[in-house]
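Visitor: Sharing a structure here in structure tokens format.
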There are 2 protein chains.
Amino acid sequence: MAGKVFFSVSMSLDGFSAPESMEGLLATPEQRAQDPRLERWMAQWMELHAWILPQRFFRENLHLGEGGEEGRDNDIARETYERTGSSVMGKRMFDLGEHSWPAEAPFHTPVFVVTHQQRDPWERSGGTTFHFVNDGIHKALDQAREAAGDRDVRIAGGSETIVQYLNAGLVDEFSIVLAPVLFGAGTRLFDGVDASRVALVPVRSEPSSRVTHLTYTVHPR
Amino acid sequence: MAGKVFFSVSMSLDGFSAPESMEGLLATPEQRAQDPRLERWMAQWMELHAWILPQRFFRENLHLGEGGEEGRDNDIARETYERTGSSVMGKRMFDLGEHSWPAEAPFHTPVFVVTHQQRDPWERSGGTTFHFVNDGIHKALDQAREAAGDRDVRIAGGSETIVQYLNAGLVDEFSIVLAPVLFGAGTRLFDGVDASRVALVPVRSEPSSRVTHLTYTVHPR
């Protein structure tokens, strides 16, 4: 039986899923020390993801060391990972990740990259294989569904790819981790959403000490 | 003893506190029937405020009739009203309200309008008096504090006025009523916020069956 199609993204209270210009992610500590803009980028990125960085599951999955928090935030991070049988991502997210993920990429499943670039599958240690799909978001999702089996397909990002799937009516549900921070500028998660086609029904709203976990199902209008 | 300065606003999941162009609020049913854009405006406005419209407190305060819901949403609407000793609003919100509030405006306290227009105080039935303040947001707040006594001052809106007070470090805390709707376009609540100056600490996150009530205190960075 096929699983669901979902996304799960950390978002600032003013609707941003990333600070301005993702190049900050690739900057070295030396570059950041010399450029206040890059320094601020990293500070915002850390605030957005402050809820997950100390969690035991996150630390284990990225081999960052023993221990970590084990409350509801940790459970939710683990559940999101465990339900995911495969992921779909846009080319820009892949390009950034290619330079920043460790050799053992943190997916441990097939990942389908929507791109015009033709490239052979790229197998990483730990079970992650990136497949490059050249014929659009529907075909990428078809392949991801088949690979996921009875588990769910996660639209991993970035926000443009998420909104493409949302507007196409291909997302069943999504979770927002609402972080207590204002960005003022950056990448808006829902930029370009077709509000005349997408209706939401709230499923869960669960506060933790750090964030609010929000889940909605998606319905056509 | 002086109270707090706060705001409380309903916001779409993608960060909008009003649909595009507030003129929809003033359109007649006939005008809306002839203009799909105005019709859609009203539909979005109703979705954003769907949580409060059926509440007993809201219906009583606007003399809309007996009865109504009496759960947590109703308590929160009533608490927000009862803590408010005076309000501050921008000229645009006042202009829209002047044409849409009933003769007994729903404030029942002094309201200070930040404006360049010179105008005598405008007294309405039921205890609402609008005072027009011509010398800036600080002076308007000073007068509002004095009028509020030991109750709180509410920065009523619109979003530009709220962000002016936020950026000036004059807001102690705020509440967002996060509605399960995407707008795609409209007036962004936090547009123009100076993220380098405003830090938030989450105080409460309380789901109801209709929305999520979020409260934060505001701190300088």
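The values are calculated or read from the model by the stated rules, or taken from the named source; none is laboratory data. On a predicted model such as this, the values are computed, not experimentally measured, just so you know. Reconstructed Cβ throughout: ideal geometry from the backbone, glycine too, with neighbour counts over all protein chains shown. Remember, those area values only see protein heavy atoms, side chains included, never the ligands or the DNA or RNA. Shrake-Rupley method; radii C 1.70, N 1.55, O 1.52, S 1.80 Å.
Visitor: Restricting to the stretch B:166-200, name every residue that is within 10 Å of another protein chain (Cβ to nearest Cβ) and among the charged types (D, E, K, R).
Guide: B:188, B:191, B:194, B:197 - these are the residues of the stretch B:166-200 that are within 10 Å of another protein chain (Cβ to nearest Cβ) and among the charged types (D, E, K, R).
Visitor: Among what's in the stretch B:86-106 and is at pLDDT 95 or above and in contact with a Ser or Thr (Cβ under 6 Å, 6 or more places away or on another chain), pick the residue that is nearest to residue B:215 (Cα to Cα).
Guide: Once the filter is applied, the top-ranked residue is B:86.
Visitor: Please go through the stretch B:202-221 and give me each residue that is open to solvent by 20 Å² or more (accessible area, probe 1.4 Å) and either more than 7 Å from every other protein chain (Cβ to nearest Cβ) or touching a helix residue (DSSP H, G or I) at 6+ places or on another chain (Cβ under 8 Å) (or both), ordered by number.
Guide: B:203, B:204, B:206, B:208, B:209, B:210, B:217, B:218, B:219, B:220, B:221
Visitor: OK, next. In this structure, does residue B:123 turn out to be among the acidic types (Asp, Glu), open to solvent by 30 Å² or more (accessible area, probe 1.4 Å), closer than 20 Å to residue B:5 by Cα and more than 14 Å from chain A (Cβ to nearest Cβ)?
Guide: no
Visitor: Select from the stretch B:105-129 the residues that are out of contact with any helix residue (DSSP H, G or I) (no Cβ under 6 Å at 6 or more places or on another chain) and closer than 18 Å to residue B:25 by Cα and list them in ascending order.
Guide: From the stretch B:105-129, those out of contact with any helix residue (DSSP H, G or I) (no Cβ under 6 Å at 6 or more places or on another chain) are B:105, B:107-109, B:111, B:116-129; that's our starting set.
Once the filter is applied, which keeps residues that are out of contact with any helix residue (DSSP H, G or I) (no Cβ under 6 Å at 6 or more places or on another chain) and closer than 18 Å to residue B:25 by Cα, the stretch B:105-129 yields only B:105.
Visitor: Given the residues A:145, A:210, which is the only one that is over 30 Å from residue A:50 (Cβ atoms), in contact (Cβ under 8 Å) with a residue 24 or more places away in the chain and out of contact with any Ser or Thr (no Cβ under 7 Å at 6 or more places or on another chain)? Before the answer, list the steps.
Guide: Values: A:210 fails: over 30 Å from residue A:50 (Cβ atoms).
That would be A:145, the only listed residue that is over 30 Å from residue A:50 (Cβ atoms), in contact (Cβ under 8 Å) with a residue 24 or more places away in the chain and out of contact with any Ser or Thr (no Cβ under 7 Å at 6 or more places or on another chain).
Visitor: Determine whether residue B:138 is open to solvent by 30 Å² or more (accessible area, probe 1.4 Å), in contact (Cβ under 8 Å) with a residue 24 or more places away in the chain and not in a loop (DSSP other than H, G, I, E, B). Please lay out each step first, then the result.
Guide: Working: open to solvent by 30 Å² or more (accessible area, probe 1.4 Å): yes; in contact (Cβ under 8 Å) with a residue 24 or more places away in the chain: yes; not in a loop (DSSP other than H, G, I, E, B): yes.
Against the criterion (open to solvent by 30 Å² or more (accessible area, probe 1.4 Å), in contact (Cβ under 8 Å) with a residue 24 or more places away in the chain and not in a loop (DSSP other than H, G, I, E, B)), residue B:138 qualifies.
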